[in-house]
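Engineer: One structure, pasted below without further comment.
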Amino acid sequence: MKQAVITGGKGSLAQAIAAALEEPGWKILTPSRAEMDVCDKMAIQRYFHSHSADLLICVAGMIYDMPLLRLTETMWDQVLTINFKGAADCARAVIPKMIENHAGHIIFISSFSALHPPVGQVAYATAKATLVGLTQDLSRAYGSFNIRINTILPGFLDTRMTATVSEKRREEILNSHILGRFNTPSAVGKFIYHLHHDLAHTSGQIFQLDSRIT
């Protein structure tokens, strides 16, 4: 049986992705923070020592919307650790087994902010932008082992993480969408299913999924 591991598995987006991937022959793992803390490199290594991943989807993330001059060092480190370092450490943990199997797929969840950061989102935008570079480096480094690396920019979604966004800001974001509507977690999950199962020759790519112009 093949296995998919989704970090941040208790969040709205991760749960939607898990639901979209469920099918016979696959086991979908959504570890809680108690099972695998992405801020703890040793916890990541322990988890993947006993859990294989044919497909790894790095969804875990957090945000501090704050200008650079108001960000504390602790806030900056937390955002970089969860959004970037945790994803990189998970990839580091699963790639050796993928090399051994001569197969594997890693998908990073980045953000539109990585390409067009709004004012006041410096830490989050920086962390998500690093995933673009990570994708392009790893896809080149491990493509010869049949390991695929891709990144998705899902767009603004109605999730627990965006629940605190003000109505004014939501309207501003919505107005930047040429279709006048937001993407949905379920649509992202369906795209990931399509990317993994139907686009077997696709790697090193960055997919923007909403209707904002990049």
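Each reported figure results from applying straightforward, stated rules to the coordinates on display, with no laboratory input. Everything numeric here is computed off the predicted structure, so don't read it as measured data. Positions of Cβ are generated from backbone atoms using ideal geometry, with glycine treated the same way; all protein chains shown enter the neighbour counts.
Engineer: Looking at the chain as a GNM with Cα springs under 10 Å, which of 38, 59, 165 has the largest mean-square fluctuation?
Structural biologist: Between 38, 59, 165, it is 165 that shows the largest mean-square fluctuation.
Engineer: Could you identify which residue out of 18, 88, 163 has the top mean-square fluctuation in a GNM of the chain using Cα springs shorter than 10 Å?
Structural biologist: 163
Engineer: A further question follows. Cross-chain or 8 or more residues apart, Cα under 23 Å: how many lysine pairs in the chain fit that? Count them up, please.
Structural biologist: For the chain, the number of qualifying lysine pairs is 17.
Engineer: While we're on this one: Averaged across orientations, what area in nm² does the convex hull of the alpha carbons in region 13-62 project?
Structural biologist: If I average the Cα hull's projected area over directions, I get 3.8 nm².
Engineer: For region 61-136, compute Rh as the Kirkwood radius over C-alpha pairs and then the Stokes-Einstein diffusion coefficient at 10 °C and 1.306 mPa s; write the answer in µm²/s, rounded to an integer.
Structural biologist: 120
Engineer: Here's something else I'd like to know. From the phi of every residue in region 87-93, what ³J(HN,Hα) in whole Hz does the Karplus formula 6.51 cos²θ - 1.76 cosθ + 1.60 yield, where θ is phi - 60° and glycine or proline is x?
Structural biologist: 5, 5, 5, 5, 4, 4, 6
Engineer: Still on this model: Taking H placed 1.01 Å from N in the peptide plane, check which residues at least 5 places from residue 27 or on another chain put their amide H under 5 Å from its amide H.
Structural biologist: Under 5 Å from the amide H of residue 27 lie the amide H atoms of 2, 3, 4, each far enough along the sequence or on another chain.
Engineer: So which residue, out of 197, 105, 51, gets the largest mean-square fluctuation from a GNM of the chain using Cα contacts under 10 Å as springs?
Structural biologist: In the Gaussian network model the winner is 197.
Engineer: Further, regarding this structure: Sort 126, 72, 151 by Cβ crowding within 10 Å, fewest neighbours at the top.
Structural biologist: Least to most surrounded, the residues fall as 72, 126, 151.
Engineer: Here is a further query. Which value, in nm² and rounded to one decimal, describes the direction-averaged projected area of the C-alpha convex hull of the chain?
Structural biologist: With every direction weighted equally, the projected area is 11.6 nm².
Engineer: Would you please give the residues with an amide H less than 5 Å from that of residue 183, counting only those at least 5 places away or on a separate chain, with H modeled from the backbone geometry?
Structural biologist: Here the answer is 156, since their amide H atoms fall under 5 Å of that of residue 183.
Engineer: Let me ask something else. For n ≥ 4 DSSP H runs only, could you compute -39500 (n - 2.57) per run for the chain, divide by its residues and tell me the 222 nm figure to the nearest 500?
Structural biologist: About -13000 deg cm²/dmol.
Engineer: Now for a separate question. Over the chain, what is the relative contact order in percent, taking alpha-carbon pairs closer than 8 angstrom and at least six residues apart?
Structural biologist: 22
Engineer: Within a Cβ distance under 10 Å of residue 104, other residues only, what is the Lys/Arg minus Asp/Glu net charge?
Structural biologist: Charge balance in the 10 Å sphere: 0.
Engineer: Scan around residue 60 for amide H atoms under 5 Å from its own, H built in the peptide plane at 1.01 Å from N, and keep only partners 5 or more places away or cross-chain.
Structural biologist: Close amide H contacts, sequence-distant or interchain: 7, 8.
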